[in-house]
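Here is the structure we will look at.
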Amino acid sequence: MARDGVPMLMLIDDEPAQRRLVSALAARAGWRTIFANDGDTAIAMLGTQDGMRLDAVLLDQWSPSYEPTGLIRELRARRPALPILILTAHNNVAVAVEAMRAGATDYLAKPIAPERLLAALNATLNGEHGKGELRPLTEKIPAALSFEDVVGAAPQFRAALAIAAKAARARVPVLIEGESGVGKDVIARAIHAASPRHKQAMITVNCGAIPANLVESDLFGHERGAFTGAFDRQVGKFVAADMGTIFLDEVSEMPLDAQVKLLRVLQDGEVQPIGARRPIHVDVRVIAATNKRLHDEIEAGRFREDLYYRLNVVQLTIPPLRERLGDVPALCRHLLARIATQPGLRGLGLTDDALALLMQHDWPGNVRQLQNALFRAAVLCEGDALTPQDFPQIAAHIRGRGHGESRGRLHAVPQPHREAAGITLFEGDGHVRQLAEIEADVIRLAIGHYRGRMTEVARRLGIGRSTLYRKLAELGIDSAA
């Protein structure tokens, strides 16, 4: 609605501190906030002048007078188009499933992250409910750790994995470049799992999520009394990762002062906590990732050139999903299998029409966006398989690009994509793959396509069931592939 250019938010929460925080954060994005102590007050306020202007509602999940899902349903019944955001300290999949099925459009966890709230509010104004709001939840689904578990057959992607696997055994730093959502963290975990340090901790640091004035303290630690507010000694992430691995995600966001200290760690293996008289020696393997071109950051004076060359001993570039659409079918099967293990969810298939839809999308958010879309669809799906109707936003986006037919129907998947789904004939170096590997991929694809119905798999492959099971044993394939 946003009359006069000022969008309106209702916060249903009785905590004064939380009210001040949310209203201050919302004000940064130009929102005005009104408050309701409880569900009864919120329902009553819907009929007021301000209530009629609402652009979104933010509900603390444990509202005192209403059971949360009941209040969501009541708000949804009275204002069907009003986005409802849930704020809760219980950041788990089961709570999200319950809230979304009641009609919630977004889900935020306490302590509330400013960038997450602002992104969620902006999405309500842009009509993009559901775009990325499940990231905190889908990221809690355990990620694959070994290179064997990483899904992707595109030559460019497999070439990057091959480099990563070779680098895993060494101590040298690795720099992973790629757009947001391509799976840089998954590759980093696979490198650590395949390294001699796999029994030690891998500490992840999102350099872009730490306030600039706290980066040095968080990474390198501080002594008690080192600065105002330093009431206790803090061990930095590098010391915590000693003998293990530290993953510096979005390393391009690190302030220049912290970059100097990071360079010293890489050169000398020494960490200097703030206020400490002596440095601490650490043995840490560094993996860094960025969604920016560090050469551009160097030219702009935002990143040190000497640090770049220290980090870039081994460089990996992960291609975006739009450049490997042939991997979408295999990724869908893999992600749906992982989603099915979460509380309140179950195993679901994917119809050919739904797959056709997903393969026409350009996926600006890459694999992370695909996982979020599948998760939301799985939560709301009432059938046994996901259909195009379970992805309304994807369909609308594709039609908006002019991909729709005259009656609004979507084009089928181009035949080359259907034939190449999840299978490649060439290694990353350009040589043809071994026949046994290709045969194993075909069998896995058939098992996934026919949802484990082995009689149908054997019939479609033109072999007997006994021959199929013999090949499974010979090729080391799990029948649940």
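The values are calculated or read from the model by the stated rules, or taken from the named source; none is laboratory data. Treat the numbers as computed from the prediction; the structure is a model and nothing was measured. Cβ sites come from the backbone with ideal geometry, for glycine too, and all protein chains shown count toward neighbours.
In the range 346-389, how many are part of a helix (DSSP H, G or I) and over 19 Å from Gly183 (Cβ atoms)? Outline the logic, then answer.
Filtering the range 346-389 for residues part of a helix (DSSP H, G or I) gives 352-360, 366-380, 388-389.
Of the ones still in play, those that are also over 19 Å from Gly183 (Cβ atoms) are 352-357, 360, 376-380, 388-389.
The total comes to 14.
One residue is enough: does the range 238-249 have a residue meeting the conditions in contact with a Leu (Cβ under 7 Å, 6 or more places away or on another chain) and among the charged types (D, E, K, R)? Walk me through it before giving the result.
The initial filter retains those residues of the range 238-249 that are in contact with a Leu (Cβ under 7 Å, 6 or more places away or on another chain), namely 238.
Okay, now just the ones that are also among the charged types (D, E, K, R), so none.
The answer is no, given that none of the residues of the range 238-249 is in contact with a Leu (Cβ under 7 Å, 6 or more places away or on another chain) and among the charged types (D, E, K, R).
Would you be able to say whether some residue in the range 211-219 is in contact with a helix residue (DSSP H, G or I) (Cβ under 6 Å, 6 or more places away or on another chain), modelled with pLDDT of 90 or more and part of a helix (DSSP H, G or I)?
Yes: the range 211-219 contains one or more residues that are in contact with a helix residue (DSSP H, G or I) (Cβ under 6 Å, 6 or more places away or on another chain), modelled with pLDDT of 90 or more and part of a helix (DSSP H, G or I).
Would a scan of the range 36-54 turn up a residue that is farther than 22 Å from Glu74 by Cβ and either of a type in the set (Val, Ile, Thr) or out of contact with any Cys (no Cβ under 7 Å at 6 or more places or on another chain) (or both)? Reasoning before the result, please.
Within the range 36-54, the first condition is being farther than 22 Å from Glu74 by Cβ, and the residues that meet it are none.
No, there is no match, as no residue in the range 36-54 is farther than 22 Å from Glu74 by Cβ and either of a type in the set (Val, Ile, Thr) or out of contact with any Cys (no Cβ under 7 Å at 6 or more places or on another chain) (or both).
Among the listed residues Leu357, Leu348, Leu316, identify the single one that is modelled with pLDDT of 90 or more and either assigned by TED's automatic domain parsing to the domain that holds Arg293 or farther than 27 Å from Arg401 by Cα (or both). Quick ask: steps written out before the conclusion?
Working: Leu357 fails: either assigned by TED's automatic domain parsing to the domain that holds Arg293 or farther than 27 Å from Arg401 by Cα (or both); Leu348 fails: modelled with pLDDT of 90 or more.
Result of the check over Leu357, Leu348, Leu316: Leu316.
List the residue pairs whose Cβ atoms are under 7 Å apart, where the first residue sits in the range 192-207 and is over 25 Å from Phe303 (Cα atoms), the second is surrounded by 15 or more Cβ atoms within 10 Å (Cβ to Cβ) and charged (D, E, K, R), and the two are 6 or more positions apart or on different chains.
Ser195/Arg285; Arg197/Arg285
Taking Ala96 as meeting all but one of (1) in a loop (DSSP other than H, G, I, E, B); (2) at pLDDT below 75; (3) small (Gly, Ala, Ser); (4) buried (at least 19 other Cβ atoms within 10 Å of the Cβ), write down the number of the exception.
(1)
Of all the helices (runs of 4 or more DSSP H) wholly in the range 281-345, which have at least 3 residues that are more than 15 Å from Val150 (Cβ to Cβ) and within 20 Å of the chain's Cα centre (by Cα)? I'd like the intermediate steps shown before the answer.
Numbers: elements: 294-299, 305-311, 328-339.
Those helices (runs of 4 or more DSSP H) span 328-339.
Mind listing whichever residues of the range 229-254 are exposed (fewer than 15 other Cβ atoms within 10 Å of the Cβ) and of a type outside the set (A, V, I, L, M)?
If the condition is that a residue be exposed (fewer than 15 other Cβ atoms within 10 Å of the Cβ) and of a type outside the set (A, V, I, L, M), then Gly229, Phe231, Asp232, Arg233 are the ones that fit.
Suppose we keep only residues that are among the basic types (Lys, Arg) and either modelled with pLDDT of 75 or more or surrounded by fewer than 18 Cβ atoms within 10 Å (Cβ to Cβ) (or both) within the range 102-156. Which one would you say is nearest to Thr88 (Cα to Cα)? Quick ask: steps written out before the conclusion?
Filtering the range 102-156 for residues among the basic types (Lys, Arg) gives 110, 116, 131, 135, 140.
Of the ones still in play, those that are also either modelled with pLDDT of 75 or more or surrounded by fewer than 18 Cβ atoms within 10 Å (Cβ to Cβ) (or both) are 110, 116, 140.
Details: Lys110: 6, Arg116: 13, Lys140: 16 Å.
Here the answer is Lys110.
Of everything in the range 266-280, what is assigned to a strand (DSSP E or B) and of a type in the set (A, V, I, L, M)? Give them in sequence order.
Of all residues in the range 266-280, those assigned to a strand (DSSP E or B) come to 270-271, 274, 280.
Those that are assigned to a strand (DSSP E or B) and of a type in the set (A, V, I, L, M): Val271, Ile274, Ile280.
Taking the criterion of being farther than 25 Å from Glu270 by Cβ, surrounded by fewer than 15 Cβ atoms within 10 Å (Cβ to Cβ), without any contact (Cβ under 8 Å) to a residue 24 or more places away in the chain and in the same structural domain as Pro255 (by TED's automatic domain parsing), would at least one residue in the range 212-228 satisfy it?
Here is the first cut: in the range 212-228, the residues farther than 25 Å from Glu270 by Cβ are 228.
Imposing the further condition that a residue be surrounded by fewer than 15 Cβ atoms within 10 Å (Cβ to Cβ) reduces the set to 228.
This time we only want the ones that are without any contact (Cβ under 8 Å) to a residue 24 or more places away in the chain, so: 228.
Still in the running and in the same structural domain as Pro255 (by TED's automatic domain parsing): 228.
Yes.
So which of Thr33, Thr41 is surrounded by 12 or more Cβ atoms within 10 Å (Cβ to Cβ) and in a strand (DSSP E or B)? Spell out the reasoning first.
On the way: Thr41 fails: in a strand (DSSP E or B).
Answer to the selection: Thr33.
Filter the range 152-207 down to the residues that are on the phi > 0 side of the Ramachandran plot and among the charged types (D, E, K, R) and list them by number. Outline the logic, then answer.
Step one: of the range 152-207, the residues on the phi > 0 side of the Ramachandran plot are 152, 178, 181, 183.
None - no residue of the range 152-207 is on the phi > 0 side of the Ramachandran plot and among the charged types (D, E, K, R), so the list stays empty.
Would you mind stating whether Ile447 is part of a helix (DSSP H, G or I), at pLDDT 70 or above and surrounded by 17 or more Cβ atoms within 10 Å (Cβ to Cβ)?
Taking the combined requirement at face value, the residue satisfies it.
Regarding Pro416, is this residue assigned to a helix (DSSP H, G or I), at pLDDT below 85 and out of contact with any Lys or Arg (no Cβ under 7 Å at 6 or more places or on another chain)?
Working: assigned to a helix (DSSP H, G or I): yes; at pLDDT below 85: yes; out of contact with any Lys or Arg (no Cβ under 7 Å at 6 or more places or on another chain): yes.
So Pro416 passes the test.
Being of a type in the set (S, T, N, Q) and either surrounded by 19 or more Cβ atoms within 10 Å (Cβ to Cβ) or not assigned by TED's automatic domain parsing to the domain that holds Ala395 (or both) is the filter here, so list the residues in the range 319-345 that pass it.
Our first condition is that a residue be of a type in the set (S, T, N, Q); within the range 319-345, this holds for 341-342.
The answer is Gln342, and nothing else.
When only residues in the range 454-478 that are surrounded by fewer than 13 Cβ atoms within 10 Å (Cβ to Cβ) and not in a helix (DSSP H, G or I) count, which is modelled with the lowest pLDDT? Don't jump to the end; show me each part of the working.
Initial filter on the range 454-478 (surrounded by fewer than 13 Cβ atoms within 10 Å (Cβ to Cβ)): 455, 460, 462, 464-467, 470, 473-474, 476, 478.
Then keep just the ones that are not in a helix (DSSP H, G or I); that gives 462, 464, 476, 478.
Values: Gly462: 91, Gly464: 90, Gly476: 74, Asp478: 59.
The qualifying residue modelled with the lowest pLDDT is Asp478.
Could you tell me whether the range 215-228 includes any residue that is under 19 Å from the mean Cα position of the chain (by Cα), farther than 18 Å from Arg310 by Cα and among the basic types (Lys, Arg)?
Of the residues in the range 215-228, the ones under 19 Å from the mean Cα position of the chain (by Cα) are none.
For the range 215-228, residues under 19 Å from the mean Cα position of the chain (by Cα), farther than 18 Å from Arg310 by Cα and among the basic types (Lys, Arg): absent.
Could you count how many residues in the range 173-191 are in a helix (DSSP H, G or I) and either within 16 Å of the chain's Cα centre (by Cα) or without any contact (Cβ under 8 Å) to a residue 60 or more places away in the chain (or both)? Can you show your working first?
The first filter runs over the range 173-191 and keeps only residues in a helix (DSSP H, G or I), leaving 184-191.
Filter once more, so that each one left must be either within 16 Å of the chain's Cα centre (by Cα) or without any contact (Cβ under 8 Å) to a residue 60 or more places away in the chain (or both): 184-190.
Residues meeting the conditions: 7.
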